Amino acid sequence: MDSKVGLPVKDDPADLQTQAPKGLITPPLEGVKPTAEAYQRAIRELTHANLRLRQLDKAKDEFISIASHELRNPMAIIKGNISMVLAGDAGEINVETKDVLTDVMIAVERQIRLVNELLDTSMIEAGVINFNLHPSIQMDQLAQLLVSSLKSVASTQSIEIKVDPPEKPLPAVQADHDKISQVLINLVTNAMKFTKKGIIEIQTEQKGDYVETCVTDTGSGIPKDQQDLLFKKFSKPSSPTPGTISAGSGLGLYISKKYIEKQGGDIWLERSEAGVGSTFCFSLPISTSSRAKQIAEEIKSLQSIKDVHFKR
Amino acid sequence: MSKILLIEDDALFVKMYQKKFAHEGMELVAAYDGAEGVEKTKSDKPHVIILDLMLPKMSGSEVLKKIKDDPQTNSIPVIVLTNLSTSADEVNKCIELGVKETFLKTNVTPDQIVETVKKYAQ
């Protein structure tokens, strides 16, 4: 998409309000029979309001799409160029320059994550998230794959990440591969943030019609009074010790919860103890379960509604 | 020398990759929209194509279809760059049309792209 797609000014919500049909909210006076003409007018006004809402909804979707493209592209360029300079592609750099650029890189990566999370959130709220369900996701294998990509970062922090092999072979779950990866990465990086050194363990287990995946850390734990807020938007636990700032938007767990719920599962804090660590778990329906079939139907029908909506 | 075609509408992105590939001893040809991309695929015969799915005028999967429908160009390996807002449908279409790999544009580093390109450039 290019920047030519502008937002029509006429879709301003304030404008919509002023044009909203009057009198519809007030019910007809008791005992007074509405005339045929009043009915006609009401229908006209409702049709008009419906059309305006649809335009507004479309403008909002376009805005999200434009924002995501236009915000992310420059960041990808900044990140790419810095990584090239850091790799010495633009000539030798000295230790000090390298140090400065590494800080810039960390900030850019943080920024990318933040923008991604904000856009994920707005897409969740706009109901325009696409779920691409696959029936054959093996959670233990997925965890293994993700952990190997995080290991190098973890080792610099004296943290060991391991995936325990499941006691019994796991059945496949039905899920969106990318979104589940995002949830699991979120849980593991959260654990890394609050663990100075120690072990992060990932366990997978079948529980009835679901497969549960749990991430356990040996970190600082979450104070009781903050546990209820964990999955709320923009909430983040205060840092246990000054100087260990928990950089983040406070959206990660909120997004994770929405993603898991939409796929028919649940996510929760299993256990947390100050100074000992925390365990977060999430469940996903086994592909052959009736829950999985129900979710597949739900997502399919939502998708077809959206398709109709966009074709208009 | 391997020749790479990058179909991408952002000039700064193109410039970055031009530098990167020059450094790696490869030639990068750029096309700034889908139509130009299809044209340059025919005229320049690149070894590998990097295709951004978010393009003006023609969608990424349409460009890909044109490249794959032409017997002269259908064997050229294509790597696709996606965006988080790219629909699953669009990505699936590209996979069905036989793209080699897909990368999230904001997450991938130039090194990863170069590595992947080297794998497919004969």
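Since every read-out is calculated from the coordinates, none of them should be taken as a lab result. This one's a predicted model, so the numbers in the text were calculated from it and none came from an experiment. Here Cβ is always computed from backbone atoms with ideal geometry, including for glycine, and neighbour counts include all displayed protein chains.
Distance from a point 7 Å along Cα→Cβ of A:R110 to each backbone N in region A:204-237: keep the residues under 17 Å and list them by number.
Under cut-off, by backbone N: A:235-237.
Nothing charged except the Cβ atoms of Lys and Arg (+1) and of Asp and Glu (-1): what's the magnitude of the dipole of region A:99-249 about its Cα centre? Round to the nearest 20 debye.
Numbers: 14 positive and 19 negative charges, 68 e Å.
Computed charge dipole of region A:99-249: roughly 320 debye.
Over the C-alpha atoms of the protein assembly as shown, what are the Rg and the largest Cα-to-Cα span, Dmax, in Å?
Calculated on Cα positions, Rg and Dmax stand at 25.2, 87 Å.
Region B:22-122: D in µm²/s via Stokes-Einstein (Kirkwood Rh, Cα pairs, 4 °C, 1.567 mPa s)?
Details: Rh = 13.8 Å.
Taking Rh from Cα pairs, D becomes 94 µm²/s.
Which whole-percent values make up P(r) of region A:121-185 when all C-alpha to C-alpha distances are grouped in 5 Å steps starting at zero?
Using 5 Å bins, I get a P(r) of 3, 15, 19, 20, 16, 13, 10, 4, 0 for region A:121-185.
Provide a whole-number value for the mean count of partner chain Cβ atoms within 10 Å of the Cβ atoms in peptide A:116-127. Walk me through the numbers before you get to the answer.
Values: counts 4, 0, 0, 2, 2, 0, 0, 2, 0, 0, 0, 0.
Per residue, the number of nearby Cβ atoms from other chains is 1 on average.
Sort A:112-124, A:174-186 for me by packing, meaning the mean count of neighbouring Cβ atoms within 10 Å per residue, highest on top. Walk me through the numbers on the way to the answer.
On the way: A:112-124: 18.4, A:174-186: 21.2.
Taking the mean over residues of other Cβ atoms within 10 Å, the ranking is A:174-186, A:112-124.
How do A:I202, A:I66, A:I93 rank when sorted from fewest to most other Cβ atoms within 10 Å of their own Cβ?
Fewest-to-most Cβ neighbours within 10 Å comes out as A:I93, A:I66, A:I202.
Test of understanding: what is the full-extension gain from A:S301 to A:I93, defined as 0.36 nm times their sequence separation minus their Cα-Cα distance?
Values: separation 208, 0.36 × 208 = 74.88 nm, distance 5.54 nm.
Fully extending the segment from A:S301 to A:I93 adds 69.3 nm.
Apply 1/(1 + (r/R0)^6) to the Cβ-Cβ distance of B:E62 and B:K118, taking R0 = 35 Å, and write down the FRET efficiency to the nearest 0.05.
On the way: r = 28 Å, r/R0 = 0.80.
With a Förster radius of 35 Å, E is 0.80.
Would you tell me the mean number of C-beta atoms belonging to other protein chains that fall within 10 Å of each C-beta in B:104-113, as a whole number?
Details: counts 4, 7, 15, 7, 3, 7, 8, 5, 1, 1.
Per residue, the number of nearby Cβ atoms from other chains is 6 on average.
Could you rank the peptides B:38-49, A:209-220, A:291-302 by their average count of other C-beta atoms within 10 Å per residue, with the highest value first? Can you show the working numbers first?
Working: B:38-49: 18.2, A:209-220: 21.9, A:291-302: 15.5.
The packing order, highest mean first, is A:209-220, B:38-49, A:291-302.
Return the ratio Rg/(2.2 N^0.38 Å) for region A:131-243, where Rg is computed over Cα atoms only. It would help to have the intermediate numbers written out before the result.
Values: Rg = 15.1 Å, N = 113, 2.2 N^0.38 = 13.3 Å.
Taking N as the residue count of region A:131-243, the ratio is 1.14.
Direction-averaged shadow area of the convex hull around the Cα atoms of region A:60-178, nm²?
Working: hull surface 41.9 nm².
In nm², the orientation-averaged hull projection of region A:60-178 is 10.5.
Within 10 Å of each Cβ in peptide A:74-83, how many partner chain Cβ atoms are there on average? Round it to a whole number, please. Walk me through the intermediate numbers first.
On the way: counts 4, 2, 13, 10, 2, 6, 13, 6, 1, 6.
Per residue, the number of nearby Cβ atoms from other chains is 6 on average.
Percent antiparallel among DSSP beta bridges with both residues in the protein assembly as shown, to the nearest 5? Write down the numbers at each step before the final one.
Values: 25 of 47 bridges.
Close to 55 percent.
Could you work out [θ]222 nm for chain B from helices alone, using -39500 (n - 2.57) per DSSP H run of at least four and dividing by all its residues? Round to the nearest 500 deg cm²/dmol.
Helices in chain B give a 222 nm mean residue ellipticity of -13500 deg cm²/dmol.
Only counting other Cβ atoms within 10 Å, I'd like A:T156, B:T106 sorted with the fewest neighbours first.
Values: A:T156 7, B:T106 24.
Fewest-to-most ranking of A:T156, B:T106: A:T156, B:T106.
Given points 7 Å out from each Cα along the Cα-Cβ axis, report the A:L46 to B:L104 separation in nanometres with one decimal.
Label-label distance for A:L46 and B:L104, simple model: 4.3 nm.
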